[in-house]
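Please read the structure below before turning to the comments.
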Amino acid sequence: MAIVLASASPRRKELMERFCGRELVIIPAKGEETIPEDAGPGKTVEALARGKAREVAALRRAGTAGSAEDIVIGADTIVWHEGRIFGKPHTREEAAAMLRSLSGCTHEVYTGVCVICGDLELAEHEKTAVTFRKMTEKEIMDYIATGEPMDKAGAYGAQGFGALFVSGIEGDFFNVMGLPLCRLGLMLKKTGVDLL
């Protein structure tokens, strides 16, 4: 039995490698992400995580190397601020607009996690409140120049240079990195896997 991470995120991979303690297989989901209408941030990330996990679970079962006993984990993270989703920015201008909006405010980070093991499918989400100090325009542009904002929801990484702007976090820090380890650990226990 392997744990299969349906994600290309280097941060999720790093966290899983640290805590997995068994064979870890990385198979990024490639299907199109469809955001359900009027679902709210929590149900949205659950649906996105479920889609990734189901796609990879189906591939794993169909392949010769897979097993029905494999545990597949899908995850998806968004930043929620002022009633809208901040995903990964597509341009430097979009990243700058996101960071200006987050500057001096508190926003919420939602990560949905789906765990599939055989016929068991669990989908939950975690919410963490993150407060940014006020950022200057030069700081925003200098931060974007590092390249760090371009592959992260909300255009920042709390574990990187983005930490220079985070004045407070209420909730699971690892949720902000993209994988709420406390919640995931409890979900995996329901499949019979104890990360300890």
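Values for this structure:
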item	result
Any chance Glu108 is in contact with a His (Cβ under 9 Å, 6 or more places away or on another chain), at negative phi and among the acidic types (Asp, Glu)	yes
Hits in region 87-136 - residues which are free of Cβ contacts under 8 Å to residues at least 24 places away in the same chain, within 18 Å of Gly147 (Cα to Cα) and not charged (D, E, K, R)	His90, Thr91, Ala97, Thr136
Criterion (aliphatic (A, V, I, L, M) and exposed (fewer than 14 other Cβ atoms within 10 Å of the Cβ)) met by exactly one of Ala39, Ala49, Ala6, Ala57	Ala39
Selection within region 81-110 - among the β-branched types (Val, Ile, Thr) and under 22 Å from Phe174 (Cα atoms)	Ile85, Thr106, Val109
Wholly enclosed strands (runs of 3 or more DSSP E) of region 66-164 bearing at least 3 residues modelled with pLDDT of 95 or more	71-81, 106-117, 120-132
Residue within region 144-153 that is free of Cβ contacts under 8 Å to residues at least 12 places away in the same chain and either touching a His at 6+ places or on another chain (Cβ under 6 Å) or more than 26 Å from Cys20 (Cα to Cα) (or both) present	yes
Some residue of region 4-22 being assigned to a strand (DSSP E or B) and not polar (S, T, N, Q)	yes
Odd one out for Glu55 among (1) acidic (Asp, Glu); (2) over 25 Å from Gly157 (Cα atoms); (3) part of a loop (DSSP other than H, G, I, E, B)	(3)
Of the criteria (1) within 30 Å of Gly192 (Cβ to Cβ); (2) loosely packed, with under 15 Cβ neighbours inside 10 Å, which one Ala75 fails	(2)
Evaluation of Ala95 against (1) touching a Pro at 6+ places or on another chain (Cβ under 6 Å); (2) within 20 Å of Arg183 (Cα to Cα) (one fails), failing number	(2)
Of all residues making up region 173-188, the number that are under 11 Å from Thr128 (Cα atoms) and surrounded by fewer than 19 Cβ atoms within 10 Å (Cβ to Cβ)	1
Selection within region 165-196 - hydroxyl-bearing (Ser, Thr, Tyr) and at pLDDT 95 or above	Ser167
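The values are calculated or read from the model by the stated rules, or taken from the named source; none is laboratory data. Values in this document were obtained by computation on a predicted structure and should not be read as measured data. Note that each Cβ is placed from the backbone with ideal geometry, even for glycine, and that neighbours are counted across all protein chains shown.
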